[in-house]
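Colleague: Quick one: this structure, given as structure tokens, is what I'll be asking you about.
Nothing in this text is a laboratory measurement; each read-out follows from the coordinates by a stated rule. Computed from a prediction, not measured in an experiment: that's the story for all the values here. Here the Cβ is made from the backbone with ideal geometry for all residues, glycine too, and neighbour counts use every protein chain on show.
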Amino acid sequence: MNVKPVSLLGQVVRLEPLRIEHVPELTCVGLDRRIWRYMVYGEITTEAQMSHFVTTLLQRAATGTDLPFAVIYQATNRAIGCTRYMTIKSNHRSLEIGGTWYGVDYQRTKVNTESKFLLLEHAFEKLECIRVQFKTDLRNQRSQRALERIFAEKEGVLRHHMILPNGEVRDSVYYSIIASEWPQVRARLKEMLSQKYE
């Protein structure tokens, strides 16, 4: 499993390797506090904080544990969020999709569905993963419903999994898709993308 920078092209979005040059556009869409409510990074409210966020992800990419993407909205050719492969375990042919956020105007649109489709397709069909996992805050019901809609399997809750920057103690829910389930998940995502709304 050779995870390396790649661009993934869809109809609505393009996922391209995250670069420091994306910071101004990400700042334009990413300073709304609602985006960061359940994220482990704390709130990002300034361009300097966004720059630090991107720099940190690029440092993780340099170690081989993460592969971050800027989510580019095709209609405007502008960055409107981020997502990434993380917890990359090549020896086990597994990884996690996470750290995902989008500007508020792009939430509850086909942006997330297509981004997940592109990442999963690449993971299972090019990288030959046998497992892709997701985790989310137990309080984040919207994220859990989205994962369940695409037939990700709920595996369980890690209680008091981490302490967030604001001091809250987070329980994390884990989901996964394994290689044998990918054809069904693929069909479900294609069906969702063919609809007018998610």
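Colleague: Nearest 20 debye, what's the magnitude of the dipole of the chain about its Cα centre given +1 on Lys and Arg Cβ and -1 on Asp and Glu Cβ? Before the final figure, lay out each step's value.
Modeller: Numbers: 28 positive and 22 negative charges, 62 e Å.
Dipole size: approximately 300 debye.
Colleague: Below 14 angstrom from the Cβ of Thr100, what's the summed charge of the other residues (Lys, Arg +1; Asp, Glu -1)? If you can, show how the numbers build up before the last one.
Modeller: Values: positive: Arg37, Arg84, Arg108, Lys116, Lys135, Arg142; negative: Asp66, Glu96, Glu114, Asp137.
Residues near Thr100 contribute +2 overall.
Colleague: Are there any helices in the chain, counted as whole DSSP H runs, that stretch 20 Å or more along their axis by Cα and score at least -1.0 on average by Kyte-Doolittle, and if so which?
Modeller: Helices meeting the criterion: 47-63.
Colleague: Also, quick follow-up: For the chain, modelled as a Gaussian network with Cα springs under 10 Å, which listed residue fluctuates most, Ile20, Ile163, Ile88?
Modeller: Ile163
Colleague: What are the chymotrypsin sites (Phe, Trp or Tyr not before Pro) within the range 51-94 that DSSP puts in a loop, where the Cβ has at most 16 other Cβ atoms within 10 Å?
Modeller: Those that pass, being in a loop and sparsely packed, number zero.
Colleague: At most 12 other Cβ atoms within 10 Å and a DSSP loop assignment: could you name the trypsin sites (Lys or Arg not before Pro) in the range 158-198 that fit?
Modeller: Lys196
Colleague: Between Asn77, Asn112, Asn91, which gets the highest mean-square fluctuation from a Gaussian network model of the chain, Cα cutoff 10 Å?
Modeller: Asn91
Colleague: Add +1 for every Lys or Arg and -1 for every Asp or Glu among the other residues with Cβ under 11 Å from the Cβ of Thr45, and state the total.
Modeller: -2
Colleague: Here is a further query. Out of all DSSP beta bridges with both ends in the chain, state the antiparallel percent to the nearest 5.
Modeller: Here the share of antiparallel DSSP bridges comes out near 90 percent.
Colleague: Let me ask another. Run down the aspartates and glutamates and flag those whose C-alpha is under 17 Å from the C-alpha of Lys116, throwing out any fewer than 8 positions away in its chain.
Modeller: Glu16, Asp66, Glu96, Glu125, Glu128, Glu148, Glu153, Glu181, Glu191, Glu198
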